[in-house]
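The structure under discussion appears below in the form of structure tokens.
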Amino acid sequence: MNCRSVVRELSNYLDGELDLNLQQSIEVHMEHCEDCHLLVDTTKKTIQIFCNSEPLPLSDDVRSRLHDALVKRLHKPRT
Amino acid sequence: MRVHAGARHGGCLCYALSLSPDKGHQQIMEPANAKLAKSQTAPDDNESSLVAAAKAGDVAAFEALVNRYERKIFRLTQHITQNTEDAQDASQEAFLKAFEHLGEFQGNSRFYTWLVRIAVNQALMKLRKRHPRDISLDQEIETDDNFMPREIEDWGPSPEQRYAQDELAGILSHVIGELEPSFRTVFQLRDIEELSTEETAEALGLSVPAVKSRLLRARLKLREKLNRYFRRGIAQ
């Protein structure tokens, strides 16, 4: 296991999609390589901070327009 | 692996989900996107009933589905188009199109995945109209999987603790807006909207390896961009 291999498998590692042997090889490598440890840690934080971001509400105006358009569409023949 | 001179600052101050150098690396195997597993379960009965009622022409049932997903769909279209007006239009058009074509929804995938696919297409149409020279998202592009990250530094305290919520939201919006659309959209679907790799591939008309390749690159690029804001020792 070297740094390049860690980068190549980074996504699979973070998503828990690696087989146990490969996963353990990465973990052993990280015990001795601070760069890879920090890379994995900060990439994980990157995903989490976006994952935790709040969805955006639609404005009342758009919701109202959508409702009106839906009702109107009901009276048209379906495709 | 290259590291900026003077970038090291000892062990990280762990926030809830980070690693502790003192405790080894065991925690890392919890998937980074903890919500992912939950999101891939079958739709609940309530949703199936709402979809069935909406198929029969029940606007109220469809509006319940709109209420359930409108915030996520708007965030999706906002991130893809990077324009509020386009995002609103794309969201509205996506819901209308979904309602209109509900009879074609067979229930083989989650309703949400089906809706996301429609919303992505609507958002891409807006994006292409505004930026016709942008690369097509469903076009296979070469990514260099030997890409090596730069600026590997400890981020120190939790970004959520260092920035006010509004400020943090602004940073996230800015950095994701700097990504090329082809990477941005894959990251958006996979890591924010919590679609599986296969669902993301289906929604974008890409192969699974292409999604994986773009996702890796997107994650690394975003990490590098966020490093400007979150690395330990920068002035607040």
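Please treat every number below as a calculation from the coordinates, not as lab data. Note that the structure is predicted; figures quoted are calculated from it, not measured. Methodologically, a virtual Cβ is constructed for each residue, glycine included, from the backbone with ideal geometry; neighbour enumeration extends over all protein chains shown.
Observations on the structure shown:
- Each residue, B:Phe105 and A:Asn2, gets one label point 7 Å from its Cα in the Cβ direction; the gap between the two is 5.0 nm.
- Once you reduce region A:7-59 and region B:93-107 to the center of their Cα atoms, the two points are 36 Å from each other.
- Each peptide among B:101-110, B:73-82, A:45-54, B:169-178 gets the average number of other Cβ atoms lying within 10 Å of its residues, and from highest to lowest they stand as B:73-82, A:45-54, B:169-178, B:101-110.
- Comparing A:Leu66, A:Val28, A:Leu14 along the charge dipole axis of region A:3-74, the residue lying farthest to the positive side is A:Leu66, per the Cβ-charge model.
- Here the Karplus relation 6.51 cos²θ - 1.76 cosθ + 1.60, evaluated at θ = phi - 60°, turns the backbone of region A:13-20 into coupling constants of 5, 5, 8, x, 10, 9, 6, 4 Hz, with x for every Gly and Pro.
- Inter-label distance for A:Asp60 and B:Gln165, nm, one decimal - labels placed 7 Å from Cα along Cα-to-Cβ: 2.0 nm
- Nearest-0.05 FRET efficiency for B:Ser173 and A:Gln24, computed from C-beta distance (R0 30 Å): 0.20
- When its C-alpha radius of gyration is set against 2.2 N^0.38 Å (N residues), region B:155-236 gives a value of 1.21.
- Filter on A:Lys45/B:Lys129; A:Lys45/B:Lys126; B:Lys126/B:Lys225 - keep pairs with C-alpha separation over 28 Å: A:Lys45/B:Lys129; A:Lys45/B:Lys126
- Compactness relative to 2.2 N^0.38 Å, alpha carbon Rg of region A:3-74: 1.93
- Rough spin-label spacing in nm, given labels placed 7 Å along Cα→Cβ, for B:Ala64 and A:Arg73: 1.9 nm
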